[in-house]
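Engineer: What follows is a structure written as structure tokens; I'll ask about it next.
The values are calculated or read from the model by the stated rules, or taken from the named source; none is laboratory data. Just so you know, these numbers come straight off a predicted model, no measurement behind them. Quick reminder, even Gly has a Cβ in these numbers, built from the backbone with ideal geometry, and neighbours come from all protein chains shown.
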Amino acid sequence: MEGASAPFFVPYLALFAFVFRKFVVKNKGFSRQISMIELTREIHFWQSWWFWVLTSIILFFAVFIFIRSRIERSRRNQVRLEVKIAERTREIRLQKTKIEEQNRLIEEEKNKVLQQQALLQTEKDRTEQWLNNTLPSEVVIELKRSGKVKAQGFQQVSVMFTDVVGFTRISDTMQPSRIVSKLDILFQKFDEIIQANNLEKIKTIGDAYMCAGGVPIENSTNPIDACTAALQIQAFMDKLKYEAIADHEDFWEIRLGINTGPVIAGIIGNIRLAYDIWGSTVNLAQRMEMLGEPGKVTITGNTFQLIEPYFECEYKGKALTKSRAKVDTYVVNRIKPELSVNGEGLVPNSRFEEIKKLHHYSSIKYYKTEHNVLSFMEKNLSDKLYYHSLKHTKDVVKSVERIALLEGVTDEGLFLLKTAAILHDAGFIERYDNNEEIGARMATELLPKYGYTEQHVKTIVELIHVTKFPHKPINKLQEIICDADLDYLGTDDFENIADRLRQELTEMGKIQSRKQWDEIQVKFLNQHQYFTQTAIQMRQEKKNMNLQIVIDRLAADQYEEVS
């Protein structure tokens, strides 16, 4: 741009030259006159007025030119700056566009990664859900941690089997889809019940359902948990049965068997993993189911010994196993009313839980004590003790537990009462009269070996002595054992039990006739009293009725002469 045109100050220089030339020509003659007049005077050019005018003009144009050049330079710099800014802005826009494109690509990649992670997590969740539905949660944890689960032995596991009665016949007469649908309804409810009772589902085979307590985590309550779950399953089946009968439809019944003992547990298979248990305990549980009655919960003696304090059970005799061995079998009818909600025998109440904690966490080894004492008495008691037999001792133990629970005794006092009950007639092994002293001595010698403290033994000795008639209890525990010892006086079975006592006293030479016995009974019943509110409410009225029967019999005086 600078090479294409003359500098901006050239026109101004041309104008200046023109003015200067005119001025010099015009004043040339005037200058000569002055020089002629003042020849003798020397004049310097910088002293002339035109010099200063000219200097001023030149200075003005110099300043003017300088300022214009600065302005022009600034303008050019501004233009250059604007050009650079425009170029830089364009570069920035291009970079921004590239960055935005890169961000978009990164975001797309990120979304793809997140989607892949979500899919992987979904698959992981599905896998874990499948594992948790197939295997116990503890086994899943070990499997994830180490990649395998070793077979493990468990000393006390309660195994439960259920089976639909007549399923082969049902399969021949019912559409497969309906069979599957009904089994699904049953097994879903079974799953719900066993989970609520801390049991683990093992497997289903057709119409057979198998679960167990005490695996894969050991616990001491699994026999109780299994029997509770079994009763609730059976109650559910009864409900379905009643609804079907009301709707004039067919119904299904199940057999249910439980056994407790050692098992081996672990995972089998490499493709379709399955947690399973093995051993004779499992086989015997299945045998109980096969031999049981429809609608009944059948258990072995092994299980009965561990659940007897909580449930009402009925002895069904001995059964042959596949190995031809004989085992005791029982039917579990219900939870003891005083230990169940609303006394319905189906759902444990708070007392049930308190007793369970007591049995499993007390230092007293009551069950070993009971087993050893009763075994000793069974071997050594005289056959002539028709009343003071082992059955009487067991009846007193049951009565003392029932009264104690209804009276709110759920601490170690319950163990002390039951221990005193199994020992209160043990002295009959050595002598008939004043046998309480023998029982007290046996308690002192035996009980410290089973976790009883000195104070425990002292309390039990006092409980044994207070059963000597006439009763004189001084505290609640003594009142309970006194009422339990003579609980039969206010029961429907009074006549049968009293007749056994009559036979025993006759054998021992204490009485000679039935009339004499009734006279003794009237006196005894009039002297006797119940102390606890439980016994008074449950037994007093019936006791008065039994007393009146004896009085009426005496009044009729129709006794045979033979005793």
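Engineer: Inspect all residues belonging to region 416-432 and state whether any of them is touching a Lys or Arg at 6+ places or on another chain (Cβ under 8 Å) and either of a type in the set (Phe, Trp, Tyr) or over 24 Å from Phe524 (Cβ atoms) (or both).
Structural biologist: no
Engineer: Which one is surrounded by the fewest Cβ atoms within 10 Å (Cβ to Cβ) among residues in region 171-228 that are among the acidic types (Asp, Glu) and not in a helix (DSSP H, G or I)? Spell out the reasoning first.
Structural biologist: Step one: of region 171-228, the residues among the acidic types (Asp, Glu) are 172, 184, 191-192, 200, 207, 218, 225.
Now narrow it down to the ones that are not in a helix (DSSP H, G or I): 200, 207, 218.
Numbers: Glu200: 23, Asp207: 21, Glu218: 13.
Only one residue tops the list, namely Glu218.
Engineer: Return the residue satisfying two criteria in turn: it lies in region 281-304 and is among the β-branched types (Val, Ile, Thr) and part of a helix (DSSP H, G or I), and of such residues it is surrounded by the most Cβ atoms within 10 Å (Cβ to Cβ). Break it down into steps so the answer makes sense when it comes.
Structural biologist: Step one: of region 281-304, the residues among the β-branched types (Val, Ile, Thr) are 281-282, 297-300, 303.
From what is left, the residues that are part of a helix (DSSP H, G or I) are 281-282, 303.
Working: Thr281: 22, Val282: 22, Thr303: 33.
Top of the filtered list is Thr303.
Engineer: Of everything in region 517-552, what is free of Cβ contacts under 8 Å to residues at least 12 places away in the same chain and either more than 19 Å from Glu479 (Cβ to Cβ) or small (Gly, Ala, Ser) (or both)? Give them in sequence order.
Structural biologist: Ile520, Lys523, Asn544, Met545, Gln548, Asp552
Engineer: How many of the residues making up region 518-552 are out of contact with any helix residue (DSSP H, G or I) (no Cβ under 6 Å at 6 or more places or on another chain), charged (D, E, K, R) and surrounded by 14 or more Cβ atoms within 10 Å (Cβ to Cβ)?
Structural biologist: Within region 518-552, residues that are out of contact with any helix residue (DSSP H, G or I) (no Cβ under 6 Å at 6 or more places or on another chain), charged (D, E, K, R) and surrounded by 14 or more Cβ atoms within 10 Å (Cβ to Cβ) number 1.
Engineer: On the basis of being modelled with pLDDT of 95 or more, assigned to a helix (DSSP H, G or I), buried (at least 16 other Cβ atoms within 10 Å of the Cβ) and of a type in the set (A, V, I, L, M), does Leu231 make the cut?
Structural biologist: Working: modelled with pLDDT of 95 or more: yes; assigned to a helix (DSSP H, G or I): yes; buried (at least 16 other Cβ atoms within 10 Å of the Cβ): yes; of a type in the set (A, V, I, L, M): yes.
In short, yes.
Engineer: Take the residues in region 234-266 that are of a type in the set (Gly, Ala, Ser) and part of a helix (DSSP H, G or I); name whichever of them is surrounded by the fewest Cβ atoms within 10 Å (Cβ to Cβ). Give the steps one after another, and end with the answer.
Structural biologist: Of the residues in region 234-266, the ones of a type in the set (Gly, Ala, Ser) are 235, 244, 246, 257, 261, 265-266.
Those still in the list that are part of a helix (DSSP H, G or I) too: 235, 244, 246.
Working: Ala235: 15, Ala244: 13, Ala246: 8.
Ranking the qualifying residues of region 234-266, first place goes to Ala246.
Engineer: Can you spot a residue in region 451-466 that is surrounded by fewer than 18 Cβ atoms within 10 Å (Cβ to Cβ), of a type in the set (Asp, Glu) and in a helix (DSSP H, G or I)? Show your work before the answer.
Structural biologist: Kept after step one, since they are surrounded by fewer than 18 Cβ atoms within 10 Å (Cβ to Cβ), are these residues of region 451-466: 451, 453-455, 458, 465.
Then keep just the ones that are of a type in the set (Asp, Glu); that gives 454.
The next check asks that each one be in a helix (DSSP H, G or I); those that pass are 454.
Taking every residue of region 451-466 in turn, at least one turns out to be surrounded by fewer than 18 Cβ atoms within 10 Å (Cβ to Cβ), of a type in the set (Asp, Glu) and in a helix (DSSP H, G or I).
Engineer: Further question: Give the residues of region 377-435 that are basic (Lys, Arg) and more than 47 Å from the chain's Cα centre (by Cα), sorted by residue number.
Structural biologist: Lys384, Arg431
Engineer: Given the structure, is Ala319 outside the structural domain of Ser375 (by TED's automatic domain parsing), surrounded by 18 or more Cβ atoms within 10 Å (Cβ to Cβ) and modelled with pLDDT under 90? Explain how you work it out, then say what you get.
Structural biologist: Details: outside the structural domain of Ser375 (by TED's automatic domain parsing): yes; surrounded by 18 or more Cβ atoms within 10 Å (Cβ to Cβ): yes; modelled with pLDDT under 90: yes.
In short, yes.
Engineer: How about region 347-388: which of its residues are of a type in the set (S, T, N, Q), farther than 30 Å from Phe236 by Cβ and part of a helix (DSSP H, G or I)?
Structural biologist: Residues of region 347-388 of a type in the set (S, T, N, Q): 349-350, 362-363, 369, 372, 375, 380, 382.
Filter once more, keeping what is farther than 30 Å from Phe236 by Cβ: 362-363, 369, 372, 375, 380, 382.
Result: Thr369, Asn372, Ser375, Asn380.
Engineer: Moving on. Look at Ile464 and say whether it is within 18 Å of Asn435 (Cβ to Cβ), hydrophobic (A, V, I, L, M, F, W, C) and touching a residue at least 24 places away in the same chain (Cβ under 8 Å).
Structural biologist: Working: within 18 Å of Asn435 (Cβ to Cβ): yes; hydrophobic (A, V, I, L, M, F, W, C): yes; touching a residue at least 24 places away in the same chain (Cβ under 8 Å): yes.
For Ile464, the condition - within 18 Å of Asn435 (Cβ to Cβ), hydrophobic (A, V, I, L, M, F, W, C) and touching a residue at least 24 places away in the same chain (Cβ under 8 Å) - is met.
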